[in-house]
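Quick notes on the structure that follows.
Read the figures in this text as sums done on the coordinates, not as results from a lab. These numbers come from a predicted model, not from an experiment. Quick reminder, even Gly has a Cβ in these numbers, built from the backbone with ideal geometry, and neighbours come from all protein chains shown.
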Amino acid sequence: MSLRLYNTLTLQVQPFAPDRDNTVRMYTCGPTVYDYAHIGNFRTFVFYDILRRWLQASGFGLNHVMNITDVDDKIIRNATAQGKSISDYSAIYTKAYFEDSALLRLQKPEHVTPATEHIPEMAAAIRKLGELGYTYEGEGSTYFRISKFPEYGKLSHINFSGNRAGARVDVDEYEKDDARDFVLWKAAKENEPYWDTVVGRGRPGWHIECSVMAIEYLGDTLDLHAGGVDLIFPHHENEIAQSESLTHHPFARFWVHSEFLLVDGQKMSKSLGNFHTLRDILDKGFSPESVRYLLASVPYRKALNFTFDGLKSAATAIDRMRNFALRLATEPFDEGQDAALDERAVQATAAFRESMDDDLNTAEALAATFEYVRDVNIAMDRGAFRTGNRERAQEVLNLFDSVFDVLSTGADSNSLADDKIDALIEERKQAKKSRNFSRADEIRALLADAGVILEDTKDGVRWKRK
RNA sequence: GGCGCGGUAGCCAAGUGGUAAGGCCAAGGUCUGCAAAACCUUUAUUCGUCGGUUCGAUUCCGACCCGCGCCUCCA
């Protein structure tokens, strides 16, 4: 079987493949850079990364666009409060976002597109929508008239009949004809940043940036559009309305959405005191790999309950996997090749692939990997594992790590050079030989302080960095 | 009120109309100068509750209870 994904548009799991030339045209809703991204944001961003990696593992090329929302009410408010320009302000958090992303080993999309670098294109699109009769103006702002788009609600599966109200609902602090209508262009207000464009002086509404940048970089129809479930309505519904009114083509073939992250069973909020940024978590001594593993281990369509116990558990699980990788790399196995063990590796690979193909079932893929690790550990213990089995075993690990990417350590190998470590291990070996165990333990402790852990095995000493 | 999701061992969590993956934690054991690592054994006769369909349901249907999300900015 090949990759199947749950499509919010159809409410079904469907076979996924790009529409043409084997390249997936995908768009994901990126961060709004008004503050440090929190762990909930990263749940979704890690999901994008897992999706990217599995699309690549499935043999597809990738053309992935992610926006950076660098102009919005919160950015303006915070920048103003600090006496900064919005670009100076948002630059701080854009930079922080990419630092955090690198720590979490998130692959960078082929195109990262800041909204403020595409204002003229947005204005042009809004003007075109106006020419096509989809918009109206009020007090210098431009709105999208939902009543002109009969399919509105097809993504969120909301039936809007009888829900018209006609009341003027003040949502974006501007007046609208219909509660569902949304703002495409906001008229400049006192003391707010603005752009002079073909649709007047002001700034873009939120939704238009995604439509315009997606179409500019990827064409009228995307293969895949992703985001968090909270964006289904109204954001993605609005994107569809704008885009399809503009191009008269389906905007995206697949819509995939990641579920929410809860903290200690509750929605994360600053008032509950359960609001965590990645930085906060790392400051408590957890590794970025642990965070990545935890966020990736729960399938994306299930709500993920984040706890620090869960993080500890993730760290231990990673250790188990790393210990296995170390053993595979360093233990001197007997010559030969065990056919059954190679077969076991092939089977593990197939199980892993089948799980990931099944709507990215990471929990099951993990189980397939751990079962394999246990079986091979057993084989190693009883001497059945041979040098000739290394290659296939390594392939299993490589496949696992091509998705989860947690095996390599954070690499602060500046602490102690390898040859220094080897020298100390040699000294300890001599100490042990002369039964000077206190010196041997001293060396172990010394290395431990430097983040190096020694393991005595029947085949000699091996070491790893913590 | 409308729409949707979920309730599986101490915790996280997969899964199926045929009798419960995996990870973490805990206890005991093998190995070991010590410490690790690894392995073994033990830990849900049971899958929110109550009914129904069925030879058989955790898996299908209904009702109920509980938790959560969206409907307004939000990953």
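Some points to look at:
- Pairs of Cα atoms nearer than 8 Å and 6+ residues apart set the relative contact order; for chain A it is 16 percent.
- Folded to 0 to 90 degrees: helix A:339-357 orientation relative to chain A principal axis, Cα: 20 degrees
- Region A:172-277, relative contact order [Cα under 8 Å, separation at least 6], %: 21 percent
- Simple spin-label estimate for A:ASP422 and A:ASP334 gives 2.9 nm between the two label positions (7 Å along the Cα-to-Cβ direction from each Cα).
- Using a Förster distance of 25 Å, the FRET efficiency for A:ASP230-A:ALA17 (Cβ separation, nearest 0.05): 0.35
- Rounded tilt (10° steps) of A:119-131 against the dominant C-alpha axis of chain A: 40 degrees
- Fewest neighbouring Cβ atoms within 10 Å first, the residues A:MET213, A:MET268 line up as A:MET268, A:MET213.
- When chain A is described by a simple charge dipole with +1 on each Lys and Arg Cβ and -1 on each Asp and Glu Cβ, the residue from A:GLY202, A:ALA91, A:TYR300 located farthest towards its positive end is A:TYR300.
- Taking the number of Cβ atoms within 10 Å of each Cβ as an exposure proxy, the fewest-first ranking of A:ILE453, A:ILE208, A:ILE39 is A:ILE453, A:ILE39, A:ILE208.
- Of A:THR80, A:PRO288, A:VAL46, farthest towards positive along the dipole that unit charges on Lys, Arg, Asp, Glu beta carbons give chain A: A:PRO288
- As a proxy for reagent exposure, ranking A:PHE324, A:PHE370, A:PHE144 by other Cβ atoms within 10 Å from fewest up yields A:PHE370, A:PHE324, A:PHE144.
- Descending by average beta-carbon neighbour count within 10 Å, the peptides A:134-142, A:328-336 line up as A:134-142, A:328-336, the highest first.
- Cβ-placed point charges (K, R +1; D, E -1), dipole of chain A about Cα centre in debye, nearest 20: 960 debye
- Charge dipole (chain A, unit charges on Cβ, about Cα centre) - positive-most of A:PRO31, A:LEU446, A:GLY410: A:LEU446
- Where only DSSP H runs of four or more residues are counted, chain A gives -14500 deg cm²/dmol as its mean residue ellipticity at 222 nm, each run worth -39500 (n - 2.57).
- In nm, spacing of pseudo-spin labels at A:THR307 and A:PHE437 (7 Å Cα→C-beta vector): 3.9 nm
- Acute angle (nearest 10 degrees) that the helix A:390-404 long axis makes with the longest principal axis of chain A, alpha-carbon atoms: 30 degrees
- Computed lengthening from A:ASP459 to A:GLU137, 0.36 nm per intervening residue step minus Cα-Cα distance: 108.1 nm
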